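A quick write-up on the structure given underneath.
Any read-out appearing in this document is the output of simple, stated calculations on the displayed coordinates, not a laboratory observation. Just so you know, these numbers come straight off a predicted model, no measurement behind them. So basically every Cβ, Gly included, is an ideal-geometry build from the backbone, and we count neighbours across all protein chains shown.
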């Protein structure tokens, strides 16, 4: 893996206490604790943000662009994620948020939910023309990266369409160029993101050579700045929104799937549930399904680590906001536009392999299996690896020792103490302990 690979999840070593909360929750076993500090294996990390969620010391932190980054562009377009609208208490009009974004310093707003409705249309068209079952949504970048490194046999089922964020960025830039006459590089396309994985998807995209998004700002950073501006905007919000129920529903789990207008779908959220679905899918347990929506975050995008509201509360708010909207305001023709499609095929990334050659891999796998059999199988994490098998793998790779297992060490200490006890009984009389002499 290239050393220049970007990750939106980072470790602040000074805050890390060496606990093992993070290693037990990482879906790709990308974290180890060595020398009292956590280490992120960059080639395995999918930026799902689970370690950020569970770290009690806030040692894992997300990276995103500051709001000041928009100042380098002459014309700034905000791309609010559907999840943004679920963050605000008593919001009953999407236009209030959109107008507040203009007051914050943006020149225009393009709703990602508008693009989501178009992607829903494109998805239905793709499924009609490619009746293979099932199709896996590619909208969650953490799930796409998870499949890429852990479930390569399922890559062929991924929907080869750009996520709404990328579609929105391309459409917004084209509209801004037409409206202003400015060259494209002077127009800043700024996504307001609910999660860290989407930051990585912009900096290091999959399916495309380059993303059209210029900056990614966290919802939690922009939220407190929007509140006072929303109070002013509420007096005269105007009519800016161009989204319907389908587009806004993408902010919560099940929203994308419902937009496909099929009853043969499955929607799962939370990285552990996602993994279970993918394992079952590999075992061909869902022959009747047509569409599978998977979100790494609990509740969907509303549960991202860059949000501020409880995901279940935010999802309910989106549901209430939908009541005032038409079903959809945006539609495609029968043909899927080129800008909606990937320009690169996503390839398997064999980060979990233990050797390059087949022969060497077979040999090392046999050694790994033998080491694993000598370990207690408790998967306690005390050794700094998430499981006994992960420790065995680290031993084979040469970055750990079998004696890192505290239970193996305990057995050795018991054997040592027993040996010393037996040795003491064989001491010559002048050197025996006083108690032994009295006996």
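For the pair residue 401 and residue 415 in one chain, pulling the backbone fully straight at 0.36 nm per residue adds 3.1 nm over the alpha carbon distance.
Evaluate 2.2 N^0.38 Å with N set to the residue count of segment 9-62, then give the Cα radius of gyration divided by it.
Cα Rg divided by the expected 2.2 N^0.38 Å: 0.95.
Seen against the Cα atoms of the chain and their longest principal axis, helix 219-233 is set at about 30 degrees.
Go ahead and estimate [θ] at 222 nm for the chain from helices alone: -39,500 (n - 2.57) per DSSP H run with n ≥ 4, summed, over the residue count, rounded to 500.
Dividing the helical sum by the residues of the chain leaves -12000 deg cm²/dmol.
Rounded if a/c is under 1.5, else prolate if a/b is larger than b/c, else oblate: which is segment 42-160, with a ≥ b ≥ c the root eigenvalues of its Cα gyration tensor? Because a/c hits 1.5 or more and a/b fails to exceed b/c, segment 42-160 counts as oblate. The mean sequence separation of alpha-carbon pairs under 8 Å and at least six residues apart, normalised by the residue count of segment 9-62, gives a relative contact order of 47 percent. Counting neighbouring Cβ atoms within 10 Å and putting the fewest first, the residues 345, 293 line up as 345, 293.
Here the relative contact order of segment 63-202, from alpha carbon pairs under 8 Å that lie six or more residues apart, stands at 39 percent. DSSP beta bridges confined to the chain are antiparallel in about 30 percent of cases. Between the alpha-carbon centres of segment 281-323 and segment 8-35 there is a gap of 26 Å.
So what is the relative contact order for the chain, in percent, with contacts set as C-alpha pairs under 8 Å and at least six apart?
Working: 775 pairs, mean separation 89.2, N = 439.
Across the chain, relative contact order equals 20 percent.
Shape analysis of segment 358-425 places it in the prolate category; the axes a ≥ b ≥ c from the Cα gyration tensor give an a/c of at least 1.5, with a/b above b/c. Counting neighbouring beta carbons within 10 Å and listing from fewest to most, the residues 70, 367 come out as 367, 70.
Compared with the dominant Cα axis of the chain, that is its longest principal axis, helix 112-129 is turned about 80°.
Using the Cβ-Cβ distance between residue 132 and residue 339 with R0 set to 25 Å, the FRET efficiency works out to roughly 0.60.
A simple packing score, the average count of other Cβ atoms within 10 Å per residue, orders the peptides 393-406, 350-363, 200-213, 279-292 as 200-213, 393-406, 279-292, 350-363, with the highest score first. Counting beta carbons within 10 Å around each of 225, 410, 173 and listing the fewest first gives the order 410, 225, 173.
Quick one: helix 311-322 against the long Cα principal axis of the chain, what's the angle to the nearest 10°, folded into 0 to 90? Result, in degrees: 20.
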